[in-house]
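The structure under discussion appears below in the form of structure tokens.
The values are calculated or read from the model by the stated rules, or taken from the named source; none is laboratory data. Being a predicted model, the structure only gives us computed values, none of them experimental. Positions of Cβ are generated from backbone atoms using ideal geometry, with glycine treated the same way; all protein chains shown enter the neighbour counts.
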Amino acid sequence: MSYRISGLAPESFAPLFALSEAALRARNMRRVLIDAPHAAPCRVSLDDAAPGEEVLLLNHMHQGAQTPYRQQGPIFVSAARERCDATGAVPPALSRRPLSLRGYDAEHMMIDADLADGAQAQALIERLFANPDIAYIHAHYARRGCYAALIERA
């Protein structure tokens, strides 16, 4: 079973990095200086921001469908210019953390979900996609529940 994990589009966030602290706060966003390794998984690169790097912490609508599963939440984004597009592999930020994988059907209703250690996530992805009714999967970081990435059939 081939799958594809993709990060968010960098062009959606690039202009935000030029905003002042006051302008960010007016939009309920924060600039954060990373002080430890693996403290902030970027949702564009799907890797962790490095210590000393600035990231933005903001609220993101990741499940915008008009269903009971409509959801938004906090994410970190770095100034990464390249969007992760990994086929058949779990990107670094996901592989380092426990994940909640949530399978949705074509009507954006969650029909299955389970937990996996990121290093073993491939088996769960394959199990979920064995169900032909699952159209896509959302990965969330299990500890804090934040959206991590979109997983699609490749």
Among the candidates Arg102, Arg81, residue that is more than 15 Å from the chain's Cα centre (by Cα) and either under 14 Å from Leu150 (Cα atoms) or exposed (fewer than 14 other Cβ atoms within 10 Å of the Cβ) (or both): Arg81
- line: Selection from segment 1-26 of residues surrounded by 12 or more Cβ atoms within 10 Å (Cβ to Cβ), part of a loop (DSSP other than H, G, I, E, B) and either out of contact with any Leu (no Cβ under 9 Å at 6 or more places or on another chain) or not small (Gly, Ala, Ser) (or both) yields Met1, Leu8, Phe13, Leu19
- prompt: Of the residues in segment 122-151, how many are surrounded by 14 or more Cβ atoms within 10 Å (Cβ to Cβ) and closer than 19 Å to Ala86 by Cα?
  reply: 18
message: Take the conditions modelled with pLDDT under 95 and in contact with a Ser or Thr (Cβ under 6 Å, 6 or more places away or on another chain) and apply them to Ala80. Does it pass?
response: yes
query: When you look at Pro51, is it loosely packed, with under 12 Cβ neighbours inside 10 Å, at pLDDT 95 or above, out of contact with any Leu (no Cβ under 8 Å at 6 or more places or on another chain) and in a loop (DSSP other than H, G, I, E, B), yes or no?
result: no
